[in-house]
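Quick notes on the structure that follows.
What follows draws every value from the coordinates through simple rules; no lab data is involved. All values derive from a computational prediction rather than experimental measurement. When we count neighbours, we look across all protein chains shown, and the Cβ atoms used for this are built from the backbone with ideal geometry, even at glycine.
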Amino acid sequence: MKYKFYIEVIEDIVTFGIMPEEEKYNVLFRFGDSGWTPQKIQKLIEGVEHSKNKEPDESYDWQNEDIFFRSNKYGVFFVDLMKQRAGEKSKKQDLDLEHDVFIKFLQDFKKFVEENS
């Protein structure tokens with residue numbers, strides 16, 4: 001999975017953004033926000049790490065207003081909430097990732113936020 005991070009500044013508000021290089025990963029674009037800190041990203045990393053062997057009823061869930069993800073022993077599953085609000089319904093999640101792939105993404109994102117905060 002390939003992606004680029006970027007910074008956007010609008011009226012002194014710094015937003016950290018993600019631009020996936022392949023369309024199938026576009027749901028990760030929804031992680032872009034002005035509220036990210038390395039500590040918040042670390043909590044996500046730990047939550048996904050701890051859920052690697054958990055049953056679906058013990059999943060680690062996280063969401064913001066634009067994206068939802070659930071992590072359990074089967075992987076990490078994403079739903080694009082913004083797409084749903086626009087009326088686009090899908091019969092399954094918008095993206096499935098292996099734990100290690102998502103954790104690597106989060107570690108890269110954390111490093112980017114640290115370097116640019």
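Straight-line cross-link reach from Lys104 at under 22 Å between alpha-carbon atoms covers these lysines, not counting any fewer than eight positions away in the same chain: Lys2, Lys4, Lys24, Lys40, Lys43, Lys52, Lys54, Lys73. Residues in the range 11-23 carry Karplus couplings, in order, of 6, 6, 9, 9, 10, 9, x, 10, 10, x, 8, 10, 4 Hz; the curve used is 6.51 cos²θ - 1.76 cosθ + 1.60 with θ = phi - 60°, and Gly or Pro positions show x. Seen against the Cα atoms of the chain and their longest principal axis, helix 99-116 is set at about 20 degrees. The gain in end-to-end length when the Gln107 to Met82 segment is fully stretched comes to 6.6 nm, 0.36 nm per residue minus the alpha carbon separation.
Hydrodynamic radius of the range 1-96 by the Kirkwood approach over all distinct alpha-carbon pairs: 14.5 Å. Note on the range 54-117: Cα Rg divided by 2.2 N^0.38 Å, N the number of residues, gives 1.26. Loop-located GluC sites (Glu not before Pro) in the range 35-117 (DSSP state other than H, G, I, E, B) with a sparse environment of at most 10 neighbouring Cβ atoms within 10 Å: Glu65, Glu88.
Label separation (Glu49 vs Asp61): 2.4 nm, computed from points 7 Å beyond Cα along the C-beta direction. Angle check, please: helix 38-50 long axis (alpha carbons) against the longest principal axis of the chain (alpha carbons), in degrees 0 to 90, nearest 10. The helix 38-50 is inclined about 10 degrees to the chain.
Under the convention that each Lys and Arg Cβ holds +1 and each Asp and Glu Cβ holds -1, the size of the dipole of the chain around its Cα centre is about 320 debye. In percent, rounded to a whole number, the relative contact order of the chain is 22, using alpha-carbon pairs under 8 Å and six or more apart.
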